[in-house]
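Have a look at the structure below, then the notes.
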Amino acid sequence: MLEHPLLLLVDGHSLAFRSYFAFGKSRQGGLRTSTGIPTSVCFGFLKSLLDVMASQKPDYLAIAFDLGVPTFRHEADENYKADRSETPQDFIEDVQNLQALLQAFDLSIVTAPGYEADDVLGTLANRGSREGYRVKVLSGDQDLFQLIDLEKQISILHLEPGKGSVPTEFLAQQVYDKLQIYPHQVIDYKALCGDKSDNIPGVKGIGKTTAVKLLGEYGSLENIYAHLEDIKGATRQKLEEGKADADHSQTLARIIQDVPLEVGLENFKLQGFDVAKIQPILEKLAFQTFLGKINQIQQQFKGIIQTEVTENPVTVGDDIDFWTPEETTAYQEQKRLNSPVSNIKVRLIQTSDALEELVDILKQHTDVNYPVAWDTETTSLEFLKAELVGIGCCWGTEATDVAYIPLNHTQGTNLDKVQTLDLLRPILESDRYPKTFQNAKYDRSIFRSQGINLQGVVFDPMLADYILNPEANHNLIDLSLRHLGSELIAPSYDELVPKGKTIADININQVAEYCGMQVYVTFQLVESIKAKLIDKPHLMKLLTDVEQPLEVVLADMEYWGVNLDIEYLQTLAEQLDKQLEIIENQAYELAGEKFNLGSPKQLSQLLFEKLELNTKKTRQTKTGYSTDVNVLEKLQGDHPIIDVILEYRTLAKLKSTYVDALPTMVDAKQRIHTSFNQTVTATGRLSSSNPNLQNIPIKTEFSRKIRKAFTTEPNWLLVSADYSQIELRILAHLSQEPILLDAYQNNQDVHTVTAKLLFEKDTVTSDERRLGKTINFGVIYGMGAQRFAREAKVSSAEGKQFIERFNQRYSQVFAYLETVKRQAIAQGYVETILARRRYFDFQGSSLNNLKGVDINSIDLSQLGKKMGQNDAQLLRAAANAPIQGSSADIIKMAMVQVHQLLTQYQSRLVLQVHDELVFEIPETEWEELQPKIKTIMEQVLPLSVPLVVDIHAGQNWMEAK
């Protein structure tokens with residue numbers, strides 16, 4: 001299976017200075033062109049970057065630079081970095097050329113006023129991790145070690161001084177080996193012993209050795225000061241006298257990870273470059289080395305090679321301190337050979353006799369505690385486009401208990417696919433032979449496309465790890481590191497298969513070794529992960545009763561897909577074009593001039609310079625003032641053009657994301673097949689991708705019209721079954737709030753009930769009910785007074801008054817939400833009704849120091865004054881997690897049970913959108929199935945209040961909804 005995409009972040013100034021001083025020492029005066037242009041930085045930077053790209057093969061890349069202006073750290077301490085020598089003039093000129101060079105390569109350069117490059121890197125790294133990327137940060141700066149987090153898949157590619165351009169990948173163990181501390185202790189380490197290079201003072205008299213000793217014994221700065229009475233002699237006195245300096249140094253050393261950056265990670269995708277732009281710059285800098293390798297570089301940047309460019313490689317001089325590609329390859333090969341996994345002796349099955357012998361072996365393995373591990377090798381991650389290339393399996397821990405069957409390689413001896421599958425069919429289609437797959441849904445779909453109905457999957461390590469570690473990544477490499485240690489690591493697909501090739505093009509022996517290692521690791525993971533679930537029976541039950549049965553359902557849904565009316569969407573696109581033109585003209589009339597509605601820069605100039613709108617409602621960016629949706633919502637009511645711009649953006653996004661894009665994604669039968677992601681969200685919810693069909697909005701007329709494009713075949717109906725107010729009902733159950741319980745048990749309109757309480761009257765208007773609805777749903781997501789005021793269109797004072805009144809009227813709701821927050825702090829996690837866990841790792845010591853205490857001793861009112869913005873946001877997420885997670889559990893259980901029901905019918909489940917299930921049902925089955933589906937969904941998990949499902953049918957999704 002392929003890994004998550006790799007985001008490579010580069011510490012621009014670190015790499016630039018490294019290149020400058022490296023070449024300054026190896027050449028008299030550094031590198032220059034014959035015309036005197038300094039090139040040490042440009043050459044060294046580009047050489048290092050290309051070497052790292054060759055070994056790491058990133059999919060996304062961004063480079064962070066300092067802006068050379070004071071940051072918040074300089075404002076906090078005028079001595080910060082004050083002792084650094086003046087930057088050489090030729091370095092400044094070289095860096096300017098470098099930035100032009102990088103821009104010509106179409107690489108993203110990211111900066112932030114008031115912040116350092118480290119803060120930009122920290123922000124992008126954590127954003128990348130949250131959005132599902134593997135993140136590697138290239139730098140020679142040890143400060144960045146604090147970002148390392150195996151669970152978040154963030155590592156540092158550390159460039160050691162004097163050791164060339166091949167970095168060492170640092171995780172926690174490497175940091176410990178180097179500094180005798182762990183990544184999370186780096187900030188406190190600098191708080192204690194300081195950092196002379198940055199003028200961070202630390203505690204006077206505390207050196208590195210003492211800092212390491214203290215952190216080794218007490219773990220953190222806060223814990224050191226909490227146990228000051230246990231520390232004897234001069235060290236204690238130094239710590240007492242230096243407390244203020246320690247706290248101050250800690251602030252200076254901490255990398256900010258929530259810098260307001262107006263750039264999306266999708267902008268960092270490598271997509272090649274324009275040779276016509278880069279060639280003149282390379283010629284100006286006299287970089288014949290890189291000019292001669294332009295095709296190779298274009299390939300590294302994932303661009304299209306221009307055949308008219310000829311290769312003319314030039315050798316780099318021996319006196320330059322970089323590893324050669326040959327040295328890098330030799331090092332990686334030696335590392336691979338030293339791995340115990342390389343000792344596996346894979347049986348290559350290339351004859352009928354060998355296949356029959358393998359089948360006889362596999363039929364002996366029927367113990368459910370030791371399922372045989374299987375894997376398919378294919379040409380694509382999209383199962384409908386994939387060709388089956390080979391099958392691997394592992395049935396034990398011996399080096400020879402592994403086999404690979406080649407079926408469709410372009411070279412070498414393959415077995416006949418049909419005959420092979422016929423021999424394997426009795427095993428693959430039988431529950432008698434227990435199996436384990438990493439990401440079983442994909443392999444199930446591959447086998448289905450080959451006519452095999454896979455049965456007997458008893459364990460999926462990916463799903464099991466998701467239950468244990470919901471916010472981690474669950475690819476096989478990470479699972480092997482997390483559960484088997486560094487001695488047994490799954491191999492990398494990217495290292496095996498070059499870009500532009502498929503696994504079918506790779507030598508059979510290499511693929512056999514790769515697939516053999518995959519299944520060997522998968523087999524080992526079963527026992528290891530099960531051992532961690534034994535003492536958590538509720539989580540094991542969640543895996544076996546919900547997540548693993550659901551995998552079968554999702555595979556079925558992805559296989560069927562849903563019908564799309566292409567002609568209708570083409571007509572809708574024309575209507576949207578006309579409407580967008582009308583809106584554009586309205587905007588021009590209100591502005592008094594024509595401008596580009598899609599340009600943030602032009603929009604910023606119009607709103608805040610020409611129209612002079614309130615700049616306190618926005619923030620400064622590189623191109624002016626921010627005009628993102630949050631800013632525009634704050635500006636609503638200040639000028640009529642704001643509503644016009646918001647409407648334009650909404651419709652333009654609908655058109656590009658759905659109306660234009662969806663028709664390009666259908667199959668030959670005009671059906672669209674989304675992928676349902678089971679292990680992505682921290683809450684337990686499913687997500688959808690390629691395309692994302694869960695985010696189609698329904699608030700506007702045009703967004704509802706998009707749903708009309710989802711249709712079904714003649715004499716069939718599209719059916720929507722939607723839970724009514726499921727999260728509020730769960731809140732009523734969890735909080736046992738009497739007013740909510742009574743309202744739902746007596747089938748009252750809960751929004752009207754809330755409005756009556758808030759306005760203290762017996763009858764309410766529709767607008768008042770709307771306020772009740774806004775606050776009911778808002779409280780689930782931790783909506784504050786300001787946000788409520790904005791959405792409800794009331795003043796901030798009124799918003800605050802409504803929130804306070806809600807908490808008074810619904811006192812048990814308020815008490816429940818506060819209890820959940822305390823649980824998150826004291827336990828480090830909260831649970832759903834089915835005991836699904838979501839874990840929380842708070843950043844501030846005010847919360848971290850309370851882990852393990854009695855939850856009743858936690859005073860949230862006092863903590864609110866001390867915690868940072870990020871921790872406050874995490875607490876809001878904690879309060880919501882049991883509600884949203886329980887909702888996810890309920891609909892998953894319903895999907896499993898409804899799917900079982902539908903095995904007796906032609907009808908099929910085709911979509912899941914949060915609280916809604918969408919079916920294709922023949923007209924002849926609708927009358928019989930309607931009450932059965934409704935009953936299953938409403939009774940799947942008994943609560944203190946009834947669950948209610950609205951179920952309707954139509955010719956398309958809009959009619960059914």
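Of the residues in region 853-879, how many are open to solvent by 70 Å² or more (accessible area, probe 1.4 Å), more than 16 Å from GLY782 (Cα to Cα) and not acidic (Asp, Glu)? Can you show your working first?
Within region 853-879, the subset open to solvent by 70 Å² or more (accessible area, probe 1.4 Å) is 854, 856-857, 859, 861-862, 865-866, 869, 873, 876.
Filter once more, keeping what is more than 16 Å from GLY782 (Cα to Cα): 854, 856-857, 859, 862, 865-866.
Among the residues that remain, those that are also not acidic (Asp, Glu) are: 856-857, 862, 865-866.
Looking only at that region, the number is 5.
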**Q.** Residue in region 246-261 that is of a type outside the set (S, T, N, Q), open to solvent by 10 Å² or more (accessible area, probe 1.4 Å) and in contact with a Cys (Cβ under 6 Å, 6 or more places away or on another chain) present
**A.** no
Q: Would you mind finding the one in GLN586, GLN579 that is assigned to a helix (DSSP H, G or I), more than 24 Å from GLN694 (Cα to Cα), open to solvent by 50 Å² or more (accessible area, probe 1.4 Å) and in contact with a Phe, Trp or Tyr (Cβ under 8 Å, 6 or more places away or on another chain)?
A: GLN579
Q) In region 757-798, how many residues are open to solvent by less than 20 Å² (accessible area, probe 1.4 Å) and in contact with a Gly (Cβ under 8 Å, 6 or more places away or on another chain)? A) 4
Q: Residue by residue through region 92-125, note down the ones that are assigned to a helix (DSSP H, G or I) and open to solvent by less than 10 Å² (accessible area, probe 1.4 Å).
A: ASP94, LEU98, LEU101, LEU102, ALA117, ASP119, VAL120, LEU121, GLY122, THR123, LEU124, ALA125
Q.
Just the residues that are open to solvent by less than 10 Å² (accessible area, probe 1.4 Å) and assigned to a helix (DSSP H, G or I), please, taken from region 435-473.
A. ALA440, ASP443, SER445, ILE446, PHE447, PRO461, LEU463, ALA464, ASP465, TYR466, ILE467
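For region 174-217, name all the residues that are at positive phi and touching a residue at least 40 places away in the same chain (Cβ under 8 Å).
From region 174-217, those at positive phi are 180, 194, 199, 202, 205; that's our starting set.
Once the filter is applied, which keeps residues that are at positive phi and touching a residue at least 40 places away in the same chain (Cβ under 8 Å), region 174-217 yields GLY194, ASN199, GLY202.
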(Q) If the requirement is being closer than 27 Å to SER480 by Cα, modelled with pLDDT of 90 or more, out of contact with any strand residue (DSSP E or B) (no Cβ under 6 Å at 6 or more places or on another chain) and surrounded by fewer than 22 Cβ atoms within 10 Å (Cβ to Cβ), which of these qualifies: ASP177, ASP149? (A) ASP149
Q. Out of (1) open to solvent by less than 10 Å² (accessible area, probe 1.4 Å); (2) over 25 Å from the mean Cα position of the chain (by Cα), the odd one out for GLU923 is which?
A. (1)
Q | Neighbours by Cβ (under 7 Å, 6+ apart or cross-chain): first from region 647-664, under 21 Å from GLN586 (Cα atoms) and open to solvent by 30 Å² or more (accessible area, probe 1.4 Å); second of a type in the set (Val, Ile, Thr) and part of a helix (DSSP H, G or I) | A | GLU647/ILE583; TYR648/ILE583
Q: Might you check whether a residue that is closer than 30 Å to ASP915 by Cα and either of a type in the set (Gly, Ala, Ser) or part of a helix (DSSP H, G or I) (or both) occurs anywhere in region 842-861?
A: no
Q.
Among the residues of region 864-889, what is the count of those that are in contact (Cβ under 8 Å) with a residue 12 or more places away in the chain, out of contact with any helix residue (DSSP H, G or I) (no Cβ under 7 Å at 6 or more places or on another chain) and part of a helix (DSSP H, G or I)?
A. 8
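Tell me yes or no: at least one residue of region 552-567 is part of a helix (DSSP H, G or I), under 26 Å from the mean Cα position of the chain (by Cα) and small (Gly, Ala, Ser).
Within region 552-567, the subset part of a helix (DSSP H, G or I) is 552-560, 566-567.
If we keep only those that are under 26 Å from the mean Cα position of the chain (by Cα) too, we end up with 552-559.
Keeping just the survivors that are small (Gly, Ala, Ser) gives 555.
Checked against the condition, which is being part of a helix (DSSP H, G or I), under 26 Å from the mean Cα position of the chain (by Cα) and small (Gly, Ala, Ser), region 552-567 yields at least one hit.
Helices (runs of 4 or more DSSP H) wholly in region 1-80 with at least 2 residues that are modelled with pLDDT under 80, over 30 Å from LYS302 (Cα atoms) and open to solvent by 10 Å² or more (accessible area, probe 1.4 Å) - which ones? Explain how you work it out, then say what you get.
On the way: elements: 12-26, 40-56, 72-76.
Output list reads 12-26, 72-76.
The values are calculated or read from the model by the stated rules, or taken from the named source; none is laboratory data. Keep in mind that what you see is a predicted model, and the values were worked out from it rather than measured. Please note: Cβ atoms are built from the backbone with ideal geometry, for glycine as well, and neighbour counts cover all protein chains shown. Protein only, heavy atoms only, side chains kept; ligands, DNA and RNA dropped before computing areas. Shrake-Rupley method; radii C 1.70, N 1.55, O 1.52, S 1.80 Å.
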